[in-house]
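*Asks:* Got a structure here, written out as structure tokens. Questions coming.
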Amino acid sequence: MTYDEQQLSALLDELPGYSDARFWRALKNAAGLPRIRSTMASAVRAARGGDFAPMAAFVLDVFDRDARLKELTQALAGHLGSTLRAHAWISDALVVAGRVKRAGTGGDPLGKLSGKW
């Protein structure tokens, strides 16, 4: 497991578990998505098998929504303690998820660049 994968796991571990349906329903409504809890459960299962791409995709799908940032922040604030902490959590999660996604699909950037030149 890479450092970014560990960091992404730690950030998501700060959220409630599967059994807290109320939290996940509020987050689903804030994100405007049809499903969220089952998607998270699938992503966690994939990560346990060593594939963190679904977990990174989950974070990007749910939280990379500028138009819904206020609603997402409010949904997280109750659990994390403040809107400031929720906003910071979203920012951190997006950065780490982006790095995990790029690492999983990007291969060797210098090798790709060298191939072009």
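*Asks:* Taking the chain as the reference, fit the longest principal axis to its C-alpha atoms, fit the long axis of helix 69-80 to the helix C-alpha atoms, and give the angle between the two in degrees, 0 to 90, nearest 10.
*Replies:* The angle comes out near 70 degrees.
*Asks:* Just to confirm a number: summing +1 for Lys and Arg and -1 for Asp and Glu over residues other than Asp51 whose beta-carbon lies under 13 angstrom from that of Asp51, what do you get?
*Replies:* Its environment carries a net charge of +2.
*Asks:* Nearest 10 degrees is fine. How inclined is helix 21-31 to the longest principal axis of the chain, computing both from alpha carbons?
*Replies:* The two axes meet at around 60 degrees.
*Asks:* Same structure, new question: Helix-only estimate, please: 222 nm mean residue ellipticity of the chain, summing -39500 (n - 2.57) across DSSP H runs of length 4 or more and dividing by its residues, to the nearest 500.
*Replies:* Rounded to the nearest 500, the figure is -24000 deg cm²/dmol.
*Asks:* Which one, Gly32, Gly78, Gly49, has the greatest fluctuation when you compute a Gaussian network model over the chain with C-alpha springs under 10 angstrom?
*Replies:* The residue that fluctuates most here is Gly49.
*Asks:* Can you compute the charge dipole magnitude of segment 15-86 about its Cα centre, using +1 on each Lys and Arg Cβ and -1 on each Asp and Glu Cβ, nothing else charged? Give it in debye, rounded to the nearest 20. Before the final figure, lay out each step's value.
*Replies:* Numbers: 11 positive and 6 negative charges, 49 e Å.
Charge dipole, segment 15-86, about its Cα centre: 240 debye, nearest 20.
*Asks:* Given [x] 15.2, 53; [y] 13.1, 39; [z] 15.0, 50 as candidate values of Rg and Dmax of the Cα atoms in Å, which corresponds to the one derived from the coordinates?
*Replies:* Comparing each candidate, only [x] matches the computed number.
*Asks:* In addition: Please determine, in degrees from 0 to 90 and to the nearest 10, the orientation of helix 53-63 with respect to the longest principal axis defined by the Cα atoms of the chain, where the helix direction is its Cα long axis.
*Replies:* Tilt of helix 53-63: around 50 degrees.
No lab work stands behind these numbers, since they all come straight from the coordinates. Predicted model, so just to flag it, every value in this text is computed and none were measured. Every residue, glycine as well, gets a Cβ built from its backbone with ideal geometry; the counts of neighbours run over all protein chains shown.
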